[in-house]
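See below for the structure under consideration.
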């Protein structure tokens, strides 16, 4: 073992080690994996290849950067490459793209500021993340994707120079982009093929509340399918109309970035890399973590894919722990989502009602509207809660909340409940805190659950 | 069965029923019990005796009333007596004090605006609540207890007329009173015998943060034992000093109000009425619910007493359900507490570290200080989290949080986790939501848990 004091502060560390870990992709999952492995194996050589200039970066921050809530792009990174190199002795190679992987010979080929390199590994982590789904366009000089923080400065510069902007896609990213641009005073047209905004987050009752709210600031086009994007993003033709704008943001979802390993590693039915609960692929020494990785939905027991940073971080942590010699299992996901639009917070966890039916449950649900504070406490806001359970087993399958206060924590609580298979009655008895300034003696979640229990 | 349309809107309903339920005490538990029983048995006669003029009242609101956040005392009541009488056909007898119960003959004797009455019952619910612990005083014209909403108007009138007020007791009520009076511009001396404020809610690390914060507005006297209260509340002598004030609030805790049943019903070791999980006392047809009732601590499996409104409501609901013929069990408590002092929210659930040791666990803990928002999102506040687990079983035993945002929900989540025996690792994997505007990609709770997992 080499003591930390023996390292010299040079750009890349040469470690006289028996083991080498290579990580492809320096986002949340990759840096969590390498940090955890480093902690457990101080003598292991660790090399991270990252195609952009940023590591441990936060794509979730892009809408807020575009809104102008902060200006320093370095803030997108939890830690800088230099931090990882100097403090954690992790050889981060930014602006270096992996061009090929030879899984049988355990070799990674890369190209970047060090020229072409060839590196052998004992362990490999694939953490290449996700990539935005693209739409075919006729020219694309005014077509934008809000995906990677490394492009945020350029993106923002362009968007700020435009006045009328179309957003295609009314999911979380589309709604967050709408908020950002409307706060910047832009004229926004939000075109969404679903029946209401956030239809993959919320069921109709709650989704309509958000759709109405967004419609107050933004021209929302619901139930419209985009047929063509022309003139480099200046003309959008849908099945119902034609829109002339100055630029177009495409926010129609993401997909697992598996290019490097397609045909080499086993992919699951979701299109993401298949792993066991230790985050191992079909090659024992090759792990996969983050948005490129398939998971299991805890509620259904079926393969599922959740591209969110906290999940990616934990997958990376688990991979790093196993590589570091401390066995750990990833339990799967419940698809917790939370976003905001202006004063409204939106959260959901578990299955939506229709999704539950599709998976063979017999869902029953209750939706209530309540207040966030005691009757006598000033400033109470509306809060809307939907809970979904299985009629046969009484197990809670999902929860959705729209409101102006304390939405996040209630969703977190339901995430815990759903992960461990709480029944309706178990949930009723969760001893939620009560403080008149921020809750009700019968909490809105408990009121919804009580309604479900009665019916 | 009598249909609702057959009822006439008169003050008391005469129902030709085979069964009669009497409820003693019209607070949270009593009204929940009677409402649930009414729903299940539309034909049952239900009579509630309430010594004050208020039912389904909210003592938690008194500090905010004193602060002047609302003026209408009717708001203390979730529903008025008239609502229960007219809408739920529950004969609420306000200002009527039960003077004696004959458990063997099933008779309740009362005295009030209808004179002396004698009523037989088939089912009885004792929901007499709690009462403030009193201190011996030499005169008491300026000694105040913040306990019952029915006295709130008089209390507030008196407190507002004073300038310098002592509060004895630095628990939740004492700190809430300090906030209210300091917001009213009063000079407040808060005298507390513990080593820091809220010492029955928080461990020292977090308790000191609150003590420091309160000390900025209020003269806080820590570790002082009150020896004498003299001159009707104008002089307080402690083991360390003597304070001249214009009035004194005594907030040294509450105790179960069991006067009516002492020597008749079995009390538990906590001094509250002993019940089984159906909320039944040692008399099969006599139930107990609310602050007068003992519960079981889910973490320890031992008798415990938690005098909080949401617990009282659920106990009442369970009693009412059982009386109504739908068997239901109350699972016990985890002692969720939440309060605020100005910009700080304080929450806890489960056991404190010392308490855990006392109950035979081998507690290990981790305390961290974090931020409430993403690094790049403006307005992040400090948040402090302590988590406690058992070294042997890895089970999470308790959590404490002090912070300015989203404290409640994180505590609710930990309540769910602790109720169902989550281990440290289970908790690590709770898929908490992440939204840069109100959380961190590694949530402060998960960071604390991760620290515990490492150590």
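The values are calculated or read from the model by the stated rules, or taken from the named source; none is laboratory data. Note that this is a predicted model, so its numbers are computed, not measured. Here the Cβ positions follow ideal geometry from the backbone for every residue, glycine too, while neighbour counts run over all protein chains shown.
Before moving on, here are some points about what is shown:
- Which numbered condition residue B:262 fails, given (1) in contact with a helix residue (DSSP H, G or I) (Cβ under 8 Å, 6 or more places away or on another chain); (2) more than 22 Å from residue A:427 (Cα to Cα); (3) surrounded by fewer than 17 Cβ atoms within 10 Å (Cβ to Cβ): (1)
- Residue selected from the stretch B:81-105 under the condition in a loop (DSSP other than H, G, I, E, B) and in contact with a strand residue (DSSP E or B) (Cβ under 9 Å, 6 or more places away or on another chain), by the criterion farthest from residue B:313 (Cα to Cα): B:105
- Matching residues in the stretch A:189-228 - criterion: being surrounded by fewer than 24 Cβ atoms within 10 Å (Cβ to Cβ), more than 21 Å from residue A:337 (Cβ to Cβ) and touching a strand residue (DSSP E or B) at 6+ places or on another chain (Cβ under 7 Å): A:189, A:219, A:221, A:224, A:225, A:226, A:227, A:228
- Total residues in the stretch B:301-320 satisfying the condition of being in contact with a helix residue (DSSP H, G or I) (Cβ under 6 Å, 6 or more places away or on another chain) and facing chain A (nearest Cβ under 10 Å): the figure is 4.
- Looking only at residues in the stretch A:370-381 that are in contact with a strand residue (DSSP E or B) (Cβ under 8 Å, 6 or more places away or on another chain) and touching a residue at least 60 places away in the same chain (Cβ under 8 Å), the one that is nearest to the other protein chains (Cβ to nearest Cβ) is A:372.
- Selection count where residues are without any contact (Cβ under 8 Å) to a residue 40 or more places away in the chain and at the interface with chain B (Cβ under 9 Å from one of its Cβ atoms), scope the stretch A:333-369: 2
- Test: residue in the stretch B:246-268 that is more than 20 Å from residue B:148 (Cβ to Cβ) and within 14 Å of chain A (Cβ to nearest Cβ): no
- Residue within the stretch A:426-441 that is more than 8 Å from every other protein chain (Cβ to nearest Cβ) and on the phi > 0 side of the Ramachandran plot present: no
- Residue in the stretch A:89-96 that is within 26 Å of residue A:58 (Cβ to Cβ) and free of Cβ contacts under 8 Å to residues at least 40 places away in the same chain present: no
- Residue B:306 meets the conditions (1) in a loop (DSSP other than H, G, I, E, B); (2) closer than 21 Å to residue B:108 by Cα; (3) touching a strand residue (DSSP E or B) at 6+ places or on another chain (Cβ under 7 Å) in every case but one. The failed one is (2).
- Some residue of the stretch A:255-264 being modelled with pLDDT of 95 or more and assigned to a strand (DSSP E or B): yes
- Candidates B:419, B:413: the one that is within 10 Å of chain A (Cβ to nearest Cβ), under 21 Å from the mean Cα position of the chain (by Cα) and touching a residue at least 40 places away in the same chain (Cβ under 8 Å) is B:419.
- Checked across the stretch B:382-397, the condition of being at positive phi and away from every other protein chain (no Cβ under 12 Å) holds for at least one residue.
Table: residues versus (1) within 14 Å of chain A (Cβ to nearest Cβ); (2) part of a helix (DSSP H, G or I).
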{"position": "B:34", "(1), (2)": "no, yes"}
{"position": "B:51", "(1), (2)": "no, no"}
{"position": "B:54", "(1), (2)": "yes, no"}
{"position": "B:61", "(1), (2)": "yes, yes"}
{"position": "B:71", "(1), (2)": "yes, no"}
{"position": "B:74", "(1), (2)": "yes, yes"}
